[in-house]
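Structure first, then comments.
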Amino acid sequence: MMIGTILGDRYELLEKIGEGGMAIVYKARCHKLNRFDAVKILKKEFVSDSDLVDKFKKEATAIANLSDNNIVNIFDVGSQGDINYIVMEYVKGKTLKEVIKEDGRLPYDKVLDYGIQISKALDCAHRNNIIHRDIKPQNILVTEEGVLKVTDFGIAKSPDSATITNSKKILGSAHYFSPEQAKGAYIDARTDIYSLGIVLYEMVTGRVPFDAESPVSVALKHIQEAPIPPKQIVQNIPESLNKLILNAIEKEPAKRYKTAKDMMNDLIKIQKNPDSQMQYANIDNGFTRIMDPVNQALLQEELEKDKTIIEDNDEDEEEEEYKDEDHKKKAGITKKSKKIIIISLMAVLAISLGLLSAYLIDRSSLTTKKNKEVTVPQILNLTKEEAKKVLESNKLKMEVAGTEKSDKEEGTIIDSNPKEGETAKEGDVVKVIISGGKSSVNVPDLKDIDIKSAKDMIESYELEVGSIDSDFSDTVSKDNVIKQDPAPDKQVEKGTKINLVVSKGPKVVLIGVPNVMSANINDAENALKSSKLAVNKSTEETTDKGKDQKVFYQSIEAGTKVEAGSTINIKYYVYKEPEKLNVGELVGKTISEAQGRANSLGVKLNIGGFAAEDKITALDVTSVLPGGTVTVTAAEKPKKPEKPEKPEKPVEPVEPVEPGEKPKP
């Protein structure tokens, strides 16, 4: 049992909070930083796989370098005995899977918000050469504030590391992994884009596009079957979001979004305007490509590889036919008869095409004999009327095949078939394309979007970034767009420059700090707030009633200039009545002893006329406040009896003596 285990003399495992195919996650307390962390421990059965353990540690270290608010932070990696663990940010909330289960399906505006956050996380990972490979709702955490955190990079890889083909293991979750993962082929960042597309599909519809009884069956559906468009299941979602999801889950990687950033930009575009027109430039548009000739031996080898699957499919079909044999006989259709019908139809079609080709070739040869060859004259950049006259003068006819937006002047010829200088026959029709003028687009709403994302959106709309000015704003965050010109939703030509004003944040205003020393706390707080300053208060007790609620400290001296919104720390007194002192212990002590004790307690003694050696017998109070006076009563110490006084000798009178005479004895 792992609960209670302390890893690295620091992380105490408190409770199990999750489990995946490769690891178990515990809530833990970090005793060093006194916080909760999440500790992910590789399961015991994988400990003996040294390559997997090494991969577990190295990739966790790589992910620790990713810095994005939508990726769970990695704090530490370590091992203890046979325990290999990763310490990461503890996120209080639910998994996206739990949210989907609770809500059934999510409103499309929330889907867009969540999709933007996930694609932002993937963009960060991909820019750092990390491919997640296991994007699914179970690996996406939703905080109580609605912030998404992508986690569990346990099977992530770098594009230049060994592929899952080389490892001979197909890692990932069947309902969400890409066709190339199912095949064990080379993967890149577009694998994560496919998985994100499946997650968006599930958020919108409440279910995954491909489901079956076994993972193998699900994998085959990813490879072979087309998904039901989300809009057929939930009709109130925008067509733009429907197309975005279908593009993300294209079978061929080349037809998907090239980067997570491209996908994020389109999600932002739809968020701003659900009626946005999505243009997927990365879809194969039929351009001619130079390809190596097909090697017959390799082709045969591939067919042999697929033989088992084909045979399995045939067996399934035969089983179905066996179960419903009676019905098929009644209908007069069997597998064999189907093949005969198809072969017959193909033969008829081939003969018909042959006859038609012969007819057309014959007709063409007849026409060639009748009509003379002419060269198509120069008609580009001419108006429709001018081009028509020029062609007719050369015995050619003109037909407008359509109009296209272009940089050429509206109403002029921009293309033709046959083209200028090519050979045609007299009477032939030259089809022309007329310029419809420059393409126009709706200007996106860029307000309150960070400047980097705004530039990306401008480019994605085939517009150009114009001048960028800056200004202070109390309502728009720093580095976000305050204004734009042209205004949002205005129709402009492609290539139009969009001028922006970017926020520098609130304007810095310097304010003199008022003097609040000795002021009542309420008055002091009001004075600071009225000066647009923040207040942080703390108290200190006093037994002096005169100091109660008076400020005795402010962190910034009065008169100092500070920015508006700065915090001033202040301290004020709170009166607390002192506890009375017990002076009952003075009874029985001499006045001298009591005087010494009273001095140590901070109490005065009123001893009246008692002597130092007199013993105290009573007090007027048994408890008194510090500094108070206690009147004592004492028993006088008995006095020694006094000795009687000796009687004085009588004084004999002295006779007067004349001057010069000696007194008589």
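The values are calculated or read from the model by the stated rules, or taken from the named source; none is laboratory data. Everything quoted here is computed from the prediction, not taken from an experiment. Note that each Cβ is placed from the backbone with ideal geometry, even for glycine, and that neighbours are counted across all protein chains shown. The accessibility values were calculated without ligands, DNA or RNA, using every heavy atom of the protein model including side chains. Shrake-Rupley method; radii C 1.70, N 1.55, O 1.52, S 1.80 Å.
Along the Cα→Cβ direction, 7 angstrom out, place labels at A212 and E464. What is the inter-label distance in nm?
Placing both labels 7 Å along Cα→Cβ, they lie 5.3 nm apart.
If the limit is 28 Å between Cα atoms, which of K92/K532; K537/K604; K529/K550 go over it?
K92/K532; K537/K604
Enumerate lysine pairs in segment 5-89 that are 8 or more residues apart or on different chains, then count those whose Cα atoms are under 12 Å apart.
Close lysine pairs found across segment 5-89: 4.
Mind giving me the FRET efficiency for V587 and E541? R0 is 35 Å, r the Cβ-Cβ distance, nearest 0.05 is fine.
0.65
Measure off, as a whole percent, the carbon and sulfur share of the 1.4 Å-probe accessible area of segment 581-635, all protein chains present.
The nonpolar share, carbon plus sulfur, comes to 52 percent.
Find which of S435, S406, P377 sits farthest along the positive direction of the dipole of segment 374-435, computed with +1 on the beta-carbon of Lys and Arg, -1 on that of Asp and Glu, about the Cα centre.
Among S435, S406, P377, the one farthest towards the positive end of the dipole of segment 374-435 is P377.
Among rounded, prolate and oblate, which fits segment 230-272 when a ≥ b ≥ c are the square roots of the eigenvalues of its C-alpha gyration tensor, a/c under 1.5 means rounded, and a/b larger than b/c means prolate?
oblate
Using θ = phi - 60° and the Karplus form 6.51 cos²θ - 1.76 cosθ + 1.60, what ³J(HN,Hα) does each residue of segment 406-411 get, whole Hz, x for Gly and Pro?
These are the phi-based 3J(HN,Hα) values: 7, 7, 6, 4, 4, x Hz.
Quote the charge dipole size of segment 510-575 about the Cα centre in Debye, to the nearest 20; the model charges only the Cβ of Lys and Arg (+1) and of Asp and Glu (-1). Before the final figure, lay out the partial values.
On the way: 8 positive and 8 negative charges, 27 e Å.
Charge dipole, segment 510-575, about its Cα centre: 140 debye, nearest 20.
Solvent-accessible area per residue for segment 440-503 at a 1.4 Å probe radius, Å²? Intermediate values should be presented prior to the final figure.
Numbers: 3450 Å² over 64 residues.
Ligands and nucleic acids excluded, the result is 54 Å² per residue.
At 1.4 Å probe size, with the rest of the protein present, what percent of the exposed accessible area of segment 440-503 is carbon and sulfur atoms?
Working: 1480 of 3450 Å².
In segment 440-503, the share of accessible area belonging to carbon and sulfur is 43 percent.
Please compute the per residue accessible area over segment 510-575 with all protein chains in place, 1.4 Å probe, rounded to a whole number of Å².
In whole numbers, segment 510-575 has 59 Å² accessible per residue.
If you place +1 on the Cβ of every Lys and Arg and -1 on the Cβ of every Asp and Glu, how big does the dipole about the Cα centre of segment 440-503 come out, in debye to the nearest 20?
60 debye
Classify segment 441-569 as rounded, prolate or oblate, taking a ≥ b ≥ c as the square roots of the eigenvalues of its Cα gyration tensor: rounded when a/c is under 1.5, otherwise prolate if a/b is larger than b/c and oblate if not.
Judged from the Cα gyration tensor, segment 441-569 comes out prolate (a/c at least 1.5, a/b above b/c).
Whose amide H sits under 5 Å from the amide H of I568, counting only residues 5 or more places off or on another chain, with H placed in the peptide plane?
A534, V535, N536
Given axes a ≥ b ≥ c from the Cα gyration tensor, I'd like to know whether segment 581-635 is rounded (a/c under 1.5), prolate (a/b larger than b/c) or oblate.
prolate
State the extension gain, in nm to one decimal, for the chain segment bounded by K32 and N381, taking 0.36 nm per residue of separation less the distance between their alpha-carbons.
117.9 nm
For segment 5-89, with every protein chain kept in place, what is the accessible area per residue (1.4 Å probe, Å²)?
50 Å²
Just subtract the alpha-carbon distance of D113 and N128 from 0.36 nm times their residue separation and send over the number in nm, one decimal.
Gain in length upon complete extension: 3.1 nm.
What distance in nm lies between label points placed 7 Å from Cα along the C-beta direction at A527 and S48?
Output for this residue pair reads 7.8 nm.
Leaving ligands, DNA and RNA out of it, report the carbon-plus-sulfur percent of the accessible area of segment 109-153 at a 1.4 Å probe.
Numbers: 610 of 1460 Å².
Solvent-exposed carbon and sulfur of segment 109-153 make up 42 percent of the total.
Residue-wise, which Karplus ³J(HN,Hα) couplings in Hz belong to segment 626-631, taking 6.51 cos²θ - 1.76 cosθ + 1.60, θ = phi - 60°, and x for glycine or proline?
Couplings: x, x, x, 10, 10, 8 Hz.
Along the Cα→Cβ direction, 7 angstrom out, place labels at E404 and N606. What is the inter-label distance in nm?
Computed distance between label sites E404 and N606 equals 11.5 nm.
Mind ordering 192-205, 104-117, 544-557, 520-533 by average Cβ neighbours within 10 Å, highest first?
Descending packing order for the listed peptides: 192-205, 104-117, 520-533, 544-557.
Taking amide hydrogens as modeled 1.01 Å from N in the peptide plane, which residues meet the under 5 Å criterion relative to G18, leaving out close sequence neighbours?
So G18 has HN proximity to V25.
Could you calculate the FRET efficiency of N499 with N273 from 1/(1 + (r/R0)^6), where r is the beta carbon distance between them and R0 is 22 Å, rounded to 0.05?
0.65
Once amide H atoms are built 1.01 Å from N in the peptide plane, which residues 5 or more positions from V630, or in another chain, come under 5 Å H to H?
The list, which skips near neighbours in sequence, is K604, L605, N606.
Can you run phi through the Karplus equation (6.51, -1.76, 1.60; θ = phi - 60°) for segment 227-243 and list ³J(HN,Hα) in whole Hz, with x for Gly and Pro?
x, 6, x, x, 5, 6, 8, 10, 6, 8, 7, x, 4, 4, 5, 4, 5
Out of A534, I521, Y572, whose Cα points farthest toward the positive end of the dipole of segment 510-575 (charges: +1 Lys, Arg; -1 Asp, Glu; placed on Cβ)?
My answer, from the dipole projection, is A534.
Please give the length that would be gained between T475 and K431 if that part of the chain were fully extended, namely 0.36 nm times their separation in residues minus their C-alpha to C-alpha distance (nm, one decimal).
Stretched fully, the T475-K431 segment lengthens by 10.1 nm.
So which of K136/K261; K269/K504; K419/K497; K269/K452; K120/K255 end up more than 26 Å apart by C-alpha?
K419/K497
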